[in-house]
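None of the figures in this text is laboratory data; all of them are computed from the coordinates on show. Keep in mind that this is a model prediction, so the values were computed, not measured. All Cβ positions, glycine included, derive from the backbone under ideal geometry; neighbour counts span all protein chains shown.
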Amino acid sequence: MKAKNLRNKLREMSEEELVAKERDLREDYFKLKFQHGVGQLENTGRLNQVRKDIARVMTVRSSKKTA
């Protein structure tokens, strides 16, 4: 259900907001990968979740470009 809500919110965002969201998610992903490498990450499922969120943002951006 959360993914569906995120998709709806992403579709309502402007191009600039999507770029900012993608940048923030990529920063979070980098930090999570670093924590995982050091052994400080407790919730490893968060890595997959953030990676999928980045893909969702990229999909919405590409669909807006073609539309």
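Tabulated values for the structure
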quantity: At R0 = 22 Å, FRET efficiency that the Cβ-Cβ distance of Lys52 and Asp24 yields, to 0.05; calculated: 0.90
quantity: Cα long-axis angle, helix 15-38 against the chain (0 to 90 degrees, to the nearest 10); calculated: 10
quantity: Spatially near lysine pairs across the chain, Cα under 17 Å, sequence gap of 8 or more or different chains; calculated: 13
quantity: Degrees between helix 2-12 axis and first principal axis of the chain (Cα, 0 to 90, nearest 10); calculated: 40
quantity: Around Glu15: net Lys/Arg minus Asp/Glu count, Cβ-Cβ under 11 Å; calculated: +1
quantity: Cα→Cβ-extended label distance, 7 Å offset, between Ala67 and Thr44, nm; calculated: 3.8
quantity: Vicinal HN-Hα couplings computed from phi for region 55-65 (Karplus, 6.51 cos²θ - 1.76 cosθ + 1.60; Hz; Gly/Pro x); calculated: 5, 5, 5, 5, 5, 5, 4, 5, 5, 6, 5
